[in-house]
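**Student:** Sharing a structure with you now.
Derivation of every value follows stated rules applied to the coordinates shown; laboratory data play no part. All values derive from a computational prediction rather than experimental measurement. Note that we place each Cβ from the backbone using ideal geometry, even for glycine, and neighbour counts take in every protein chain shown.
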Amino acid sequence: MGFSGADQPSPSIYDTCIRCGLCLPSCPTYLETMTETSGPRGRISLIKAVGEGRLDLLSAGFREQMSQCLDCRACEAVCPSGVRYGQLVETARTQIRRAQAPGETPRARALRRFLLQTLFARIDLMRAAAGLLRFAQRTRLTSLAGVFGLGRAAKLAPAIPDRFFVAQDQRIETSSSRGLAFLHVGCVMSAVFAPVHEATLRMLQRAGLSIVVPRDQGCCGAVAVHAGEMDFGRELAKRNIVAFERSGADVYVTNAAGCGSALKEYHQLFADQPEWSRRAESFSLRVRDVTEVLDAMELPAPARPIDATVTYQEPCHLAHAQRVSGAPRRLLAKIPRLRLIEMDESAVCCGGAGIYNLTQPEMALRLQRRKIAAIERTAATIVATANPGCALQVAAGLRDARHRTTVKHIVELLDEAYSVGRDAGA
Ligand code: SF4
Ligand code: SF4
């Protein structure tokens, strides 16, 4: 069986690979295995072999490599030929999922639909699930998770905070506003990282922006697209495009790198739908990571020092997919007395990668340990990052290794540093 129908990996992409191998040292799974098939060049060859009818789409080796890839895009960022690797692996996964669908057991189908089409798509259900988890954590019921086969998930879960962040058409006016920002709330961020959203609102205000948080927005669709649920990803994308168009905002701001990367690439989802392609392109051009916005607004240096050694864990989807790596560092460097120490392999994936740590637990654990060892060498007491997946994966690794190092989003550190002086209490 080969590729068929819509959403096929395109020969115009895989044929641009000149097999130079420059991407290999950037690939986390290649670094761990030193195996050609577990690297980008090998995976591109496998995709080409299926495309040319030399390998079966559902062969065990092909399925294994398409799911072992983190879709971290580190290979794409260094490729001299400009191979759009992310598009290759995401369409290959879509092809596998569609081919497997007829043989799927009802239980597997129900579980997949619940995870990808219900939990991640319905933010209210995500919050309800987080509320149950919070109850279990406080009554110590999580110790029973292993009985239900959920031990790994329970281990990764952070302490769920007391409050959620709910989009309910909030509108925050800032005097002498420099523009109107739409805040993307997201699914995991809404349920687990309310304090990061609150810090983001305060920082955007300090940057002189007014903000809207429309309730008709939703999940960005990244998890669905990465898992090969391309059609469902399109539905989610349309919802956010419409919400942004209705809002009248100038810029669509996200504080989650994984969401930002998906939002900036919506136009790629609609190549066959000219009307949506045009709307998606105009939408994607207005998406910015919060660090890009704050960096561009050239805030004065903050008044309050943070006397700590900090290292920066680069989210793959910020560094490689969005190519944003200077802004986060420039913002951290503004904070008085903060010592920024670069870790080795800052931009090598920590193994979080959406739901990768649940689908590929062994490789996720190897990469998590590699990351924790790199953090240890910096002697940092704070790890700064800009993505919920990295924050959860690194924090779980630090907990496992019994480290006291904490993980914070960059906007939390900035908010702390800017929370005195003329805008105290903002
Ligand atoms: S760097 Fe690009 S062209 Fe070279 S092997 Fe990797 S994907 Fe192919
Ligand atoms: S996306 Fe990441 S894991 Fe996959 S081949 Fe490229 S560098 Fe390796």
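**Student:** Can you compute 3J(HN,Hα) from phi for each residue in region 258-267, using the Karplus curve 6.51 cos²θ - 1.76 cosθ + 1.60 with θ = phi - 60°, rounded to whole Hz and x for Gly and Pro?
**Tutor:** Karplus values, whole Hz, x for Gly and Pro: x, 5, x, 5, 5, 5, 6, 10, 4, 4.
**Student:** Out of A108, A257, A128, any idea which swings most in a Gaussian network model of the chain, alpha carbons joined below 10 Å?
**Tutor:** Sorting by GNM fluctuation, first place goes to A108.
**Student:** Continuing with the same structure: Per-residue ellipticity at 222 nm for the chain, helices alone: DSSP H runs ≥ 4 residues times -39500 (n - 2.57), over residue total, nearest 500 deg cm²/dmol?
**Tutor:** -13500 deg cm²/dmol
**Student:** Gaussian network model of the chain, Cα springs within a sub-10 Å range: biggest mean-square fluctuation belongs to which of G352, G389, G248?
**Tutor:** Taking springs between Cα atoms under 10 Å, the residue moving most is G248.
**Student:** Given an 8 Å cut-off on Cα distances and at least 6 residues of separation, report the relative contact order of the chain as a percent.
**Tutor:** 15 percent
**Student:** I'd like the antiparallel share, as a percent to the nearest 5, of DSSP beta bridges with both residues in the chain.
**Tutor:** 15 percent
**Student:** Counting DSSP beta bridges with both partners in region 170-294, what percentage is antiparallel, nearest 5?
**Tutor:** Details: 3 of 12 bridges.
Restricted to region 170-294, the bridges split so that about 25 percent are antiparallel.
**Student:** Would you mind checking which residues have amide H under 5 Å from Y252's amide H? H placed 1.01 Å from N; only 5 or more apart, or other chain.
**Tutor:** The list, which skips near neighbours in sequence, is F182, V287, R288.
**Student:** Packing-wise, with mean Cβ within 10 Å as the measure, how do 31-40, 163-172 rank, highest first? Walk me through the intermediate numbers first.
**Tutor:** Numbers: 31-40: 17.4, 163-172: 15.4.
Averaged packing, sorted descending, gives the order 31-40, 163-172.
**Student:** Hey, another quick one. Within the chain, how many Lys pairs that are eight or more residues apart, or on different chains, come under 21 Å at the alpha-carbon?
**Tutor:** Taking the Cα cut-off of 21 Å, the pair count is 5.
**Student:** May I pose another question? Which of the three applies to region 356-426, rounded, prolate or oblate, going by the alpha-carbon gyration tensor with a ≥ b ≥ c and a/c under 1.5 meaning rounded?
**Tutor:** Prolate, since a/c reaches 1.5 and a/b exceeds b/c.
**Student:** Can I ask one more? With +1 on each Lys and Arg Cβ and -1 on each Asp and Glu Cβ, and nothing else charged, work out how big the dipole of the chain is about its Cα centre, in Debye to the nearest 20. Before the final figure, lay out each step's value.
**Tutor:** On the way: 54 positive and 42 negative charges, 182 e Å.
The calculated dipole for the chain is roughly 880 debye.
**Student:** Counting pairs of alpha carbon atoms under 8 Å apart in space and at least six apart in sequence, what relative contact order in percent does region 1-120 give?
**Tutor:** It rounds to 33 percent for region 1-120.
**Student:** Next question, about the same structure. Report, to the nearest 10°, how far helix 194-206 tilts away from the longest principal axis of the Cα atoms in the chain, using its own Cα long axis and a range of 0 to 90°.
**Tutor:** It works out to around 60 degrees.
**Student:** Please report how far the C-alpha centroid of region 1-74 lies from that of region 304-382, rounded to the nearest whole angstrom.
**Tutor:** Using only Cα atoms to place each centre, the spacing works out to 26 Å.
**Student:** Now for a different question. Got a sec? Charge dipole of the chain, +1 on Cβ for Lys and Arg, -1 for Asp and Glu; which of L88, I241, C390 is way out at the positive end?
**Tutor:** It is C390, whose Cα lies furthest towards the positive end.
**Student:** Given +1 on the Cβ of Lys and Arg, -1 on the Cβ of Asp and Glu, and no further charges, what dipole in debye does region 301-423 carry about its Cα centre, rounded to the nearest 20?
**Tutor:** Values: 17 positive and 12 negative charges, 36 e Å.
Value, rounded to 20: 180 debye.
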